[in-house]
Amino acid sequence: MQASALGQDDATATERPPDGRDSMRAMPFPHPDGDYTITAMYSVTDDAWYLELDLVAGPRNLVTAIVPDEDPAREPTVCFSPLEQRLDIPYEVMRWFMDCVGEEIRTSRAWMRLRPELVEVIHQLRQEYLGAIDDDDFAHVLVEIRAAVPEADLLTVLAAAFGRKPDGTAVEHPEALRPADDQGDRA
């Protein structure tokens, strides 16, 4: 189960979005002034998080950020609604939205800043196992991963690929990925 930067996850999603994307809509996350919300949803088809800044009165979508989390070659993007004529968005609201987008990028794409050889292994594992692995398969796959990466990088690779530790238990904060030699940040 993937969690977004807003603290929502696929288990809390309750309704299908009207836009036809293969995803589930999460509960809106309101701005303190109450006039705006951010809705985060994951699109399985796009392998990306969608964060939408909405005006509560209406409701109207104003801005959508798309944060791919599976393919390192795809970059995050921000799109403004073509349906809106002209609407002034307060600076503080836009900054709040972009801070949430930045946090989503950091948490969803942290593994993509690791060393290229680790990124390649993680990408292959995420594609093959779709980010989740059965307990029965974990021991076998762990042997293969140990053969492919240095032991010092094992936790980082397992956390990024499956959200697990080498003992099979869940990693509490997989976004805190750091390569063993601290040489991975390519940003």
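A few comments on the model shown:
- Leading residue by the ranking (farthest from Gly102 (Cα to Cα)) among those in segment 37-47 that are surrounded by fewer than 18 Cβ atoms within 10 Å (Cβ to Cβ) and of a type in the set (Val, Ile, Thr): Thr45
- Segment 35-68 - residue that is touching a Lys or Arg at 6+ places or on another chain (Cβ under 6 Å) and of a type outside the set (Ser, Thr, Tyr) and, of those, modelled with the highest pLDDT: Pro68
To keep it simple, each residue is scored yes or no on (1) of a type in the set (A, V, I, L, M, F, W, C); (2) surrounded by fewer than 16 Cβ atoms within 10 Å (Cβ to Cβ); (3) farther than 30 Å from Arg113 by Cβ; (4) touching a Gly at 6+ places or on another chain (Cβ under 7 Å).
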{"residue": "Asp35", "(1), (2), (3), (4)": "no, yes, yes, no"}
{"residue": "Trp49", "(1), (2), (3), (4)": "yes, no, no, no"}
{"residue": "Leu55", "(1), (2), (3), (4)": "yes, no, yes, no"}
{"residue": "Pro76", "(1), (2), (3), (4)": "no, no, no, no"}
{"residue": "Cys79", "(1), (2), (3), (4)": "yes, yes, no, no"}
{"residue": "Glu92", "(1), (2), (3), (4)": "no, yes, no, no"}
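- Residues of segment 117-137 that are part of a helix (DSSP H, G or I) and buried (at least 18 other Cβ atoms within 10 Å of the Cβ): Leu118, Val119, Val121, Ile122, His123, Leu125, Arg126.
- Within segment 88-111, the set of residues being aliphatic (A, V, I, L, M) and farther than 23 Å from Arg60 by Cα comprises Ile105, Ala110.
- Residue that is modelled with the lowest pLDDT, among those in segment 20-34 that are part of a loop (DSSP other than H, G, I, E, B) and under 16 Å from the mean Cα position of the chain (by Cα): Asp22
- Test: Thr156 is within 17 Å of Asp69 (Cβ to Cβ), crowded, with 20+ Cβ neighbours inside 10 Å, modelled with pLDDT under 85 and among the hydroxyl-bearing types (Ser, Thr, Tyr): no
- Residue within segment 99-106 that is over 19 Å from Arg74 (Cβ atoms) and assigned by TED's automatic domain parsing to the domain that holds Thr39 present: yes
The values are calculated or read from the model by the stated rules, or taken from the named source; none is laboratory data. Keep in mind that what you see is a predicted model, and the values were worked out from it rather than measured. Positions of Cβ are backbone-derived with ideal geometry, glycine not excepted, and every protein chain shown enters the neighbour counts.
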